[in-house]
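Note sheet for the following structure.
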Amino acid sequence: MATATSIVLTVVTLPGAAQASAGAIIDPDQQYASFLAEKKTDGSWAGSADPGAKAKAPATDLAAYPKLTDKQMDAMRAATAKAEPADAEAVTVQSVQVTSEGTSVTTYDPAPGFTPDQLAAKLRAQGKASVRVVKSASTGGVSTKAASDCSYGNARTWSCPVSFWRNQGWEDPYVRFNDHSGASWPVSSVVPKWNTVQNIDSEYRWNSCPAVSGSRCIDVFSGNYGAGWTGRTTLYYASGSYGAFSNSGAMVQLNDYYDSAAIGGTRNNTTTHELGHALGLGHNLYSGDVMYYAANKREDLGGQNPVMLASIYSITR
Ligand SMILES: [Zn+2]
């Protein structure tokens with residue numbers, strides 16, 4: 001008996017184990033289905049997590065986060081273009097599903113301890129649709145030899161040809177992040193940072209996103225989704241293929257299963273990465289970049305990602 005107990009204790013204290021405060025494991029798709037069924041017309045949802053202080057003092061003062069200037073962009077280019085070691089290919093785990101909204105593509109970011117193939121196998125076992133591991137050089141991914149409008153340095157667009165949010169009457173595409181996630185996910189401070197990127201406007205909202213003509217809402221959730229991945233981002237294409245994102249169904253889901261210690265990084269890093277996907281960025285080939293395809297330590301936007309994003313949105317569509 002004593003030996004058996006000892007073995008059990010060893011298993012449950014492995015690094016990366018679920019935190020006691022994370023609650024019961026939930027399925028992210030079921031969470032979203034509940035949201036769709038229960039949300040009010042203003043985008044609010046009673047199932048939102050306790051936001052703590054971030055809902056009381058969101059960083060909505062955009063004057064404190066001015067757009068990057070051309071000079072600042074040039075400095076970022078110069079600082080990051082120097083001898084960054086680039087991997088030969090990036091790896092991305094996706095689930096693709098045809099729904100009433102169009103075609104959805106969900107990208108999962110593997111947690112430490114899971115290779116992309118291991119994560120894909122787990123997602124298939126969970127019944128996720130059309131799970132695939134996309135390598136940058138393979139068909140359907142972003143080629144390392146992509147056209148210049150699909151890459152900048154080690155930064156990559158979501159797809160090539162690019163995927164993008166439409167302007168819909170605004171000078172810059174207007175994206176509102178409707179946050180339903182818990183207090184430990186710093187969405188309120190990450191959104192204004194992404195808003196510093198030229199040519200696309202990002203706004204933070206807590207559990208409220210009433211209709212505004214030409215803008216759209218990207219819902220951000222957290223929950224204990226179990227082991228395997230740190231965050232996932234879902235984007236829809238009304239046309240059934242890459243190109244303009246559909247206004248419906250875009251979401252980011254941040255996994256409470258892993259705390260900062262378990263991922264060897266921070267929840268700021270995870271949040272920044274997933275929101276980068278939601279704006280149209282794919283995986284970076286440089287291990288020091290926040291959009292790197294595997295775990296990394298970057299806490300800011302990364303030098304080449306703002307340049308890449310500003311390029312995507314430099315034209316009105
Ligand atoms: Zn990712």
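The values are calculated or read from the model by the stated rules, or taken from the named source; none is laboratory data. All figures in this text were calculated on a predicted structure; none of them were measured in a lab. With ideal geometry, Cβ positions are generated from the backbone for all residues, glycine too; neighbour counts draw on all protein chains shown. Quick note on the areas: whole protein, heavy atoms, side chains included, nothing else; ligands and nucleic acids left out. Shrake-Rupley method; radii C 1.70, N 1.55, O 1.52, S 1.80 Å.
Numerical summary
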item: Residue satisfying all of: in region 297-314; more than 14 Å from the chain's Cα centre (by Cα) and within 13 Å of the ligand (Cβ to nearest atom); modelled with the highest pLDDT among these; result: ARG298
item: Test: residue in region 89-105 that is at positive phi and open to solvent by 80 Å² or more (accessible area, probe 1.4 Å); result: no
item: Region 265-291 - residue that is within 14 Å of the ligand (Cβ to nearest atom) and without any contact (Cβ under 8 Å) to a residue 40 or more places away in the chain and, of those, least open to solvent (accessible area, probe 1.4 Å); result: VAL290
item: Residues satisfying the stated conditions in region 231-259, i.e. outside any strand (DSSP E or B) and more than 27 Å from ASN269 (Cβ to Cβ); result: ALA238, SER239, GLY240, SER241, GLY243, SER246, ASN247, SER248
item: ALA262 of a type in the set (A, V, I, L, M), away from the ligand (no atom under 16 Å from the Cβ) and either free of Cβ contacts under 8 Å to residues at least 40 places away in the same chain or buried (at least 19 other Cβ atoms within 10 Å of the Cβ) (or both); result: yes
item: Some residue of region 212-229 being modelled with pLDDT of 90 or more, more than 25 Å from ALA33 (Cβ to Cβ) and hydroxyl-bearing (Ser, Thr, Tyr); result: yes
item: Test: residue in region 134-149 that is modelled with pLDDT of 85 or more, more than 16 Å from the ligand (Cβ to nearest atom) and touching a Lys or Arg at 6+ places or on another chain (Cβ under 9 Å); result: no
item: Lone unmet requirement of (1) of a type outside the set (Val, Ile, Thr); (2) away from the ligand (no atom under 14 Å from the Cβ); (3) at pLDDT 95 or above for GLN253; result: (2)
item: Test: SER241 is open to solvent by less than 20 Å² (accessible area, probe 1.4 Å) and either of a type in the set (S, T, N, Q) or within 12 Å of the ligand (Cβ to nearest atom) (or both); result: no
item: Residue identified as in contact (Cβ under 8 Å) with a residue 24 or more places away in the chain, away from the ligand (no atom under 16 Å from the Cβ), surrounded by 24 or more Cβ atoms within 10 Å (Cβ to Cβ) and in a loop (DSSP other than H, G, I, E, B) among SER181, SER208, SER213, SER202; result: SER181
item: Matching entry among ALA79, ALA90 (being in contact (Cβ under 8 Å) with a residue 60 or more places away in the chain and within 16 Å of the ligand (Cβ to nearest atom)); result: ALA90
